Amino acid sequence: MSNDARTDGGTASATDTGASAGALAGIDGYRVLLYLGLLGMLTFFLIPIESGLVTSFKTSSGVSGSLPFAPPTGSTFTLEKWQSAFDALGRGLINSALYAIPATVISALLGSFAAYGITQSDWKQKYKAPVLALFVAGIFIPYQAVLVPLSQFWSMVSLQDWLGFVWALGINDDYAGVVELIVTHVAYGLPICTVLFRSYYKNMSEEMIEAARLDGASIRRIYRRIVLPLSGPMFAVVLIYQFTQIWNDLLFTLVLVQTESSAAAPIVLILAGLGTSLEGQDFALRMAGAFIAALPTLAVYIAFGEEFAEGVAT
Amino acid sequence: MTDQDSRLSRRHFVGATGAATLTGLAGCSGGSDGGDGGDGSDGGDGSDGGDGGDGGNTLEVLHAWTGGDGARAAEALVAAFEEEYPDIEHEFNPIGGGGNQNLDAVVANRLQNGDPPSSFANWPGPNLQRYEGVLGEVGGVWESEGFEDVMVQEAVDLHQYNGAYRGVPLGSHRLNCLFYNTSVVEEAGVDPDSLTSVSALIDALETVQSETDAIPMTHGASGTWTTTQLFASTMLGQEGYDAYMSFIDGSPDEAAVRATFESLAEILGNYINEDASSIGLTESNQNIIEGNAAFIHQGNWAAGAYRNAEDFDYDEDWGFKTYPGSEGMYMLHFDSFLYPSDNPSPDATEQFMAFVGSEAAQVAFNQYKGSIPTRTDVDMSQFGPYLQETQEDFANADQRPPNLQHGLGVPSGTMTTLNDVISSEFSGPYNVDAATEGFVDAVSN
Amino acid sequence: MTQNTDTGDDSGDALPDGGVAEDGQRSGFSPISALNERFGSDFVESSQFWLPPFLLVGLFVYGAIIWNLLISLTDFTGFGTPDYGDLDLEMYGRALADSGFIDAAINTFILLVGFTLVTLALGLGLAILIDRNIRFENTFRTIYLLPMSLSFVVTAQFWAWMFNFNNGVINIVITSLGFGRVDWIGNPDIVLWAVMFALMWQFAGYAMVVFLAGLRAIPNEHYEAAKVDGASTVRMYWRVIIPQLKGSTISASVVLMVFALKAFDFLYSLVGGYRPPNGADILATKMVREAYANLNWAYASAVAITLFLMTLGIVGPYLYYQYNRGNL
């Protein structure tokens, strides 16, 4: 990813760097086109977000009476939609965090274990390959292919009944759905976590590990003392990627929690119904809701963009 | 009874095997985590509480009235219930989203998981088929409350399935309605009361089109159900009661179905709003309120929105006409509460069922919901003039055919197929041949 | 640095936890050494790391797929439990006779191919633009990739608004250019392309990242050589650079196709219900609707197996390709 200078670009950018407004005229048409293209694409990627943002601050008459990308004026400006969106989605933020954070941490840890066990240990490649292939293929499984058994499974494994002592504490038993979501997301997130860690461990220096092994260190000890401390950067990538995936997923929440009316409803589930159940087509409300639901992943993305890019690119 | 017992024991058996699996699982992951092995034993503890926990006697009722007049009606119902039965611990849960779609999915999953609510709102009639095997009986309530004597005969008939009562009706909407904006039809010079046939309606739509800038007939087709519902009213109006009844009874006359679709294609192809397929009922109805459209076909829940709108009064600003050709008929709809077997709170639920059929409940709910009581002995003075007229129409109707789209006419599987046909063949472009074939196939026995 | 002290400790056999178990394993009960002999010296010891996750994935992913296959052979519908005593292919026959299924399969295929192609093309374009040694590269890249961090549920809200008939940005723009309004979501002939466009917006950044990594792996000399030959920039990319992006293209395509198969979340959120707009039903949405709205469990499972086979058809060759290149 280093910014190596290349062919014609090198000189042009040197000109750029020193360029003042007056010198711009001297730049060749090709660079102008290039930047126009870049800015055009910038508009393309930002306009839905920009339009959503300005709309979320408009009154209903402002929404129908002004251009969708124009900012609200004094009389059409309101914070009311954000307020009602927050009222509707606030509990969803907490519910989503309740399963997204544990599921992210557990799946990253288990993924690291699995990748380590497969990569940095000595057993025959011809047996490793199928194990690994099953992990890799697991990334691509469409969730639809496991949904019916999944709901059968969770109706047999009735957490609602087993966790009776939790509900006795006054916690709504809908939160069984949150526990189900944790287990489910861990299971289906494991393949990608494993593969991400595997690509990292494969390139890890083998000398230290070899040396430790020659001294008779156990596999568990090597993991704890050498591999785990060196896994920090990859944990960042995996945690960020997994958190985004789990926070954003709708399908499992729809199947396991089912309704935005549930006390344990995750934010995506409430948002999916927001425009259509109560409010008709209140686009300002929907936009405000969309931003609230997107805030955590946006914050993570803006803070850790590089790690995120690495996660998706692998 | 034996039915219930075997369900119950299966649930416990399944619970036990499940417990073994989970403990095993927790053990495995606990092992790899090192210190976390304690999880496994927690799983074991939990299985002790397997008898439904604290849910024991709380009355839990699910319904889908989450917005506008529906929510207000539900509140009135709950308030009336608290007044009559102050001692019953209760939990009324509105399940929002997609009309009844979300409620149906939640109910289905809870029934499937052996975790039924005490009662849930749904339609009686053939719709009960989809709950085969999971509904209990409330014949005792019907008998002790004397419902058979005070409910309209259709309610008595349609709440029975396999020879037993499965629920109690709360109110009734009317389906074959045509609403209009008075000033728009006046501007066009159309007299709605003179529209007594579907062809007269089409002529009137043409007049509105040429005389005004308004949309002749507003339609919200982002869901298919509005079109299916329009098909039913149009068939009833154009082909008559017998043709409609043989259609829903499974021996459709193909020519009648085709003629209905031809009229529909003419209406939908020429006289509706251009954004029809991307808007829903709410926005479509808004066109009437704002004076952008002349007519709308809907169930009379549409009138609920008119009552909530400011300065929009019955007879002055909006009017009602029986759907052209179906004069003297009341296309029937019921909102009811059903009784699941394996009930978590049998006693409280039976009391709730008795309440639902009582005058207090039916008055409290229906006056806000824009529907009418299913009891014949209710004093209508608390209802507005529009609902009073509806009640009279109901009492004096020559026929009360069941609706097609809301559970009373056909089982839910057939209804789904009909809507699939509308979706693929009749949501623009309008393919009369394919739609006719699809509808005839769907209902034929 | 630390490994010296580590290894030193270890010879002293100071293993507080787990040491016992491992010693037991090493001193060699015969089944363990037999396993190690067969699979490799660390097989048993390393299994404490990979086996639990493997079992979890095996149970939830592969166990569930097999279970799903079994359910698809029953007649399971409504309430209760499936009857595994009577297995046949009836549900697959029903699928073939169901025009809704055929339409959904065709739509899935169109979405798959169309979405993948346009997204790859746009992603490649973006990667080349970014790679021209521009200023503010990080800013541009961050913004192009930003939609990828959003939930389908969120982007569906944005695009429902963008495509809105009366007030949406797209119709405002095209009417200002003198064209008539288009009913993007409502018109069954258009909606699938509109959905494809929205998905492209969301995933083009992903394709860009993959291509950018590919471009930067190409040695500078290849650019130089093309320059010396006097090739124009366009020609250089077309003839010299793009052919070297085969690996990036393949992996990006596979991931994009899998995303397209999963577009359920987007379509569900667009309308807030199980039935997508007319003309945009795909297998993923049909499967969920049949199962959770209509309770046709066995039929939904059959649709799911079809979807799974489509995925396998894409991913299988890819895995084989990766395996042959020694990447597994």
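The values are calculated or read from the model by the stated rules, or taken from the named source; none is laboratory data. Keep in mind that what you see is a predicted model, and the values were worked out from it rather than measured. A quick note on method: Cβ atoms are made from the backbone with ideal geometry, for glycine too, and the neighbour counts reach across all protein chains shown.
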query = Looking at B:S423, is it within 14 Å of chain C (Cβ to nearest Cβ), in a helix (DSSP H, G or I) and modelled with pLDDT under 95?
reply = yes
Count - residues of the range A:215-240 that are within 7 Å of another protein chain (Cβ to nearest Cβ) and among the β-branched types (V, I, T) = 2
task = Output the number of residues of the range A:212-230 satisfying the condition of being out of contact with any Asp or Glu (no Cβ under 6 Å at 6 or more places or on another chain), modelled with pLDDT of 85 or more and surrounded by 19 or more Cβ atoms within 10 Å (Cβ to Cβ).
result = 6
Residues satisfying the stated conditions in the range B:253-280, i.e. under 24 Å from the mean Cα position of the chain (by Cα), of a type outside the set (A, V, I, L, M, F, W, C) and more than 14 Å from every other protein chain (Cβ to nearest Cβ) = B:T260
inquiry  = Looking at (1) of a type outside the set (G, A, S); (2) more than 7 Å from every other protein chain (Cβ to nearest Cβ); (3) under 28 Å from C:I66 (Cα atoms), which one does A:L98 not meet, given that it meets all the others?
reply    = (3)
message = Given the condition assigned by TED's automatic domain parsing to the domain that holds B:P216, assigned to a helix (DSSP H, G or I), touching a Gly at 6+ places or on another chain (Cβ under 9 Å) and not basic (K, R), answer yes or no: does some residue in the range B:161-182 qualify?
response = yes
query = Can C:G93 be described as more than 11 Å from chain A (Cβ to nearest Cβ) and not polar (S, T, N, Q)?
reply = yes
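I'm trying to understand the selection: among the residues of the range B:349-372, which are in a helix (DSSP H, G or I) and closer than 26 Å to B:A305 by Cα? Let's see the steps before the verdict.
Residues of the range B:349-372 that are in a helix (DSSP H, G or I), as a first pass: B:349-356, B:359-369.
Result: B:V356, B:E359, B:A360, B:A361, B:Q362, B:V363, B:A364, B:F365, B:N366, B:Q367, B:Y368, B:K369.
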ask   = With (1) more than 30 Å from C:N68 (Cα to Cα); (2) crowded, with 20+ Cβ neighbours inside 10 Å as the list, and A:Y143 as the residue in question, which single condition is left unmet?
value = (1)
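Check every one of the helices (runs of 4 or more DSSP H) wholly within the range A:71-165 and list those with 2 or more residues that are of a type in the set (G, A, S) and under 30 Å from A:K202 (Cα atoms). Spell out the reasoning first.
Details: elements: A:80-119, A:125-140, A:144-156, A:159-162.
Where helices (runs of 4 or more DSSP H) fall fully within the range A:71-165 and carry at least 2 residues being of a type in the set (G, A, S) and under 30 Å from A:K202 (Cα atoms), they are A:80-119, A:125-140.
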query = Within the range C:107-160, which residues are surrounded by fewer than 19 Cβ atoms within 10 Å (Cβ to Cβ) and of a type in the set (G, A, S)?
reply = C:G114, C:A121, C:G125
inquiry  = Please verify whether B:F295 is at pLDDT below 95, closer than 30 Å to C:N166 by Cα, in contact with a helix residue (DSSP H, G or I) (Cβ under 8 Å, 6 or more places away or on another chain) and not in a helix (DSSP H, G or I), treating the condition exactly as stated.
reply    = no
query = Any residue at all in the range B:192-199 that is farther than 30 Å from B:G125 by Cβ, assigned to a helix (DSSP H, G or I) and within 25 Å of the chain's Cα centre (by Cα)?
reply = no
ask   = Considering the range C:187-223 alone, what residues qualify as being of a type in the set (S, T, Y) and modelled with pLDDT of 90 or more?
value = C:Y206
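Looking at the range C:54-74, can you tell me whether even one residue there is within 27 Å of A:M156 (Cβ to Cβ) and not in a helix (DSSP H, G or I)? First the steps, then the outcome.
Residues of the range C:54-74 within 27 Å of A:M156 (Cβ to Cβ): C:54-74.
Still in the running and not in a helix (DSSP H, G or I): C:74.
Yes; the residues of the range C:54-74 include at least one that is within 27 Å of A:M156 (Cβ to Cβ) and not in a helix (DSSP H, G or I).
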query = What are the residues in the range B:108-130 that are facing chain A (nearest Cβ under 10 Å) and either part of a helix (DSSP H, G or I) or at pLDDT 85 or above (or both), if any?
reply = B:A108, B:N109, B:R110, B:Q112
ask   = Do the conditions hold for C:L307, that is, is it closer than 30 Å to B:I279 by Cα, within 11 Å of chain A (Cβ to nearest Cβ) and touching a Pro at 6+ places or on another chain (Cβ under 9 Å)?
value = no
task = List the number of the failed condition for A:F243; all other conditions in (1) within 18 Å of A:E310 (Cβ to Cβ); (2) at the interface with chain C (Cβ under 7 Å from one of its Cβ atoms) hold.
result = (2)
inquiry  = Just the residues that are free of Cβ contacts under 8 Å to residues at least 24 places away in the same chain and farther than 16 Å from B:V257 by Cα, please, taken from the range B:421-445.
reply    = B:S424, B:P429
inquiry  = List pairs: first residue in the range C:77-91 and within 27 Å of B:P340 (Cβ to Cβ) and not assigned by TED's automatic domain parsing to the domain that holds C:A291, second residue assigned to a loop (DSSP other than H, G, I, E, B) and among the aliphatic types (A, V, I, L, M) anywhere in the structure, Cβ distance under 7 angstrom, at least six positions apart or on different chains.
reply    = C:T77/C:L295; C:G78/C:L295; C:F79/B:V134
task = Report yes if some residue within the range A:174-194 is surrounded by fewer than 21 Cβ atoms within 10 Å (Cβ to Cβ), over 26 Å from C:Q48 (Cβ atoms) and not aliphatic (A, V, I, L, M); otherwise report no.
result = yes
request  = Can you confirm whether the range B:228-241 contains a residue that is outside any helix (DSSP H, G or I) and surrounded by fewer than 22 Cβ atoms within 10 Å (Cβ to Cβ)?
outcome  = no
message = Against the definition (more than 27 Å from the chain's Cα centre (by Cα) and either hydrophobic (A, V, I, L, M, F, W, C) or outside the structural domain of C:A284 (by TED's automatic domain parsing) (or both)), how does C:F109 come out, yes or no?
response = no
inquiry  = Every residue in the range A:228-269 that is more than 20 Å from the chain's Cα centre (by Cα), touching a residue at least 60 places away in the same chain (Cβ under 8 Å) and part of a helix (DSSP H, G or I), please.
reply    = A:L228
task = Please work out which one of (1) under 16 Å from C:N107 (Cα atoms); (2) out of contact with any Phe, Trp or Tyr (no Cβ under 7 Å at 6 or more places or on another chain); (3) at pLDDT 85 or above is the condition C:A284 fails and give its number.
result = (2)
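Among the residues of the range A:66-91 satisfying the criterion of being polar (S, T, N, Q) and surrounded by 14 or more Cβ atoms within 10 Å (Cβ to Cβ), which is farthest from the other protein chains (Cβ to nearest Cβ)?
A:T78
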ask   = Among (1) more than 7 Å from chain A (Cβ to nearest Cβ); (2) more than 27 Å from A:L285 (Cβ to Cβ), which single condition is C:I190 missing?
value = (2)
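Looking at A:A288, is it surrounded by 24 or more Cβ atoms within 10 Å (Cβ to Cβ) and at pLDDT 90 or above?
Numbers: surrounded by 24 or more Cβ atoms within 10 Å (Cβ to Cβ): yes; at pLDDT 90 or above: yes.
Taking the combined requirement at face value, the residue satisfies it.
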ask   = From the residues in the range C:100-159 that are charged (D, E, K, R), assigned to a helix (DSSP H, G or I) and within 13 Å of chain A (Cβ to nearest Cβ), which one is farthest from C:A213 (Cα to Cα)?
value = C:E137
